[in-house]
Amino acid sequence: MKYYFKQIDKYENPIPLFFLCGVKYNEKNPDDDKRVVLKKYLESKGCFAIILEENFAPYASKNNKKLSYKDIGLNNLNDVEALACMAVDGVFIIHESHSTAAEIALFASNEVVTKKTFVLVPDQENSQMQHFSGFLSFGYKNLLPKCLIFNPVTEKYFINEDKIEIKTYFNDNKIGHNLGIGIDNFMKQAHEIKQLQIIKSEFNKDGSKVNSYYIDSKNKIRVSLNVELLRYYIIAVFSIREFRQKLYETTSFLEGVILCEKWFKEILLNTLQRNEHENILNYDCIFRISNIVNSRLDLRKAISFILYIFNAVGWIKINSASREGITICRKTSSLIGFKAIYEKYSCIIFNEEFTDFEGIEL
């Protein structure tokens, strides 16, 4: 049986996923962390959200249950955040520090990311800094993403005679009515119609909003992938029973990643073959991540990080320290099973059964 990706001209993502950025994560009292409050609000609206610090760490340790970026070849925060913001449907930044200013500058340099980024800023009276001043204001004035001011509850901590630290919280750890309206309006963008197609490039150029390919003079297929759309495809691959059966047989996370990559490539090649007169199934494929200006990020790293995201939202469980590999999470009283998710994406894939002249399935 052969599988193919459907060429869908107008596709609405059924389950939006957001990336939440902000100041240092509140490990001691996570319920007070504004990103945790925002995450719960988004989940109440039928969306999913990830906070990197909740699930991941730069390096693995025996006592740390968090997954390590280093294990999938991501050795710096720039690579991690670049993949995160490109793999999701929207980005929220709660901007209160120089580090979040750096994130805004990083994201503003990429037009695709800027369009799906929303910045929440505490009002000037209850903050420690002028949020859009100096370098950020002059260097990125025309590129800054959409912004909404909110009125936080504040606590002042006297560090010394010359320094006062202000910590902010959402009132009663809830999203207020007016702020909720602004967030809801931005969330609608995640439901915008997308072009979920793999098109042949006429001028051998990559497209940032679609997946494209061309065949060079050496019979190599050069494929340009949008990471956000790649996420949809990987979810859809999980809807194939044969793939899941193979996944159960893997004994490590790396084996699971290689299996995902193998199935994605095979389905992609089958799909491209339908556009070509010559047999291209034995051609080498060279993949490029189209919407990231970073040559270090390749297909395997992108798939690995997408699986990390699935782990973060509770769709799969990555058992990096055991021989179980990747486990698909089932429905519980507090968790939506991954089956309910990937079934919504199964429409992206179709299959064909081939029979010979005697009616025997090939």
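The values are calculated or read from the model by the stated rules, or taken from the named source; none is laboratory data. Predicted model only: the values in this text are computed from it and were never measured. Using ideal geometry, Cβ is built from the backbone for each residue, glycine included, and neighbour counts are taken over all protein chains shown.
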**OP:** Could you give me the residue pairs with C-beta distances under 8 Å whose first residue belongs to region 4-16 and is in contact (Cβ under 8 Å) with a residue 60 or more places away in the chain, whose second residue is surrounded by 15 or more Cβ atoms within 10 Å (Cβ to Cβ) and in a loop (DSSP other than H, G, I, E, B) wherever it lies, and which are 6+ apart or on separate chains?
**Re:** GLN7/GLN197; ILE8/GLN197; ASP9/GLN197; ASN13/ASP89; ILE15/CYS47; PRO16/CYS47; PRO16/ASP89
**OP:** Under 8 Å between Cβ atoms, at least 6 apart or on separate chains: pull out the pairs that start in region 173-188 with a residue that is closer than 14 Å to PHE150 by Cα and assigned by TED's automatic domain parsing to the domain that holds CYS147 and end on any residue that is assigned to a loop (DSSP other than H, G, I, E, B) and polar (S, T, N, Q).
**Re:** GLY176/ASN151
Subject >> Matching option when the condition is buried (at least 18 other Cβ atoms within 10 Å of the Cβ), among the hydrophobic types (A, V, I, L, M, F, W, C) and over 23 Å from GLU343 (Cβ atoms), among LEU225, LEU230 >> reply: LEU225
Original post:
Given region 212-295, what helices (runs of 4 or more DSSP H) lie entirely inside it while holding 2 or more residues that are without any contact (Cβ under 8 Å) to a residue 12 or more places away in the chain?
Top reply: 241-248, 253-273
Original post:
When region 17-38 is examined, which residues are found to be assigned to a loop (DSSP other than H, G, I, E, B) and either of a type in the set (Asp, Glu) or in the same structural domain as ILE234 (by TED's automatic domain parsing) (or both)?
Top reply: GLU27, ASP33
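Condition check ((1) of a type in the set (A, V, I, L, M); (2) within 26 Å of ASP298 (Cα to Cα); (3) at pLDDT 80 or above) across all residues:
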position: GLU53; (1), (2), (3): no, yes, yes
position: LEU74; (1), (2), (3): yes, yes, yes
position: ALA82; (1), (2), (3): yes, yes, yes
position: ALA87; (1), (2), (3): yes, yes, yes
position: SER97; (1), (2), (3): no, no, no
position: LYS115; (1), (2), (3): no, yes, yes
Original post:
Taking ILE199 and the conditions (1) over 19 Å from the mean Cα position of the chain (by Cα); (2) under 17 Å from TYR11 (Cα atoms); (3) not in a strand (DSSP E or B), which numbered condition does it fall short on, given that it satisfies the others?
Top reply: (3)
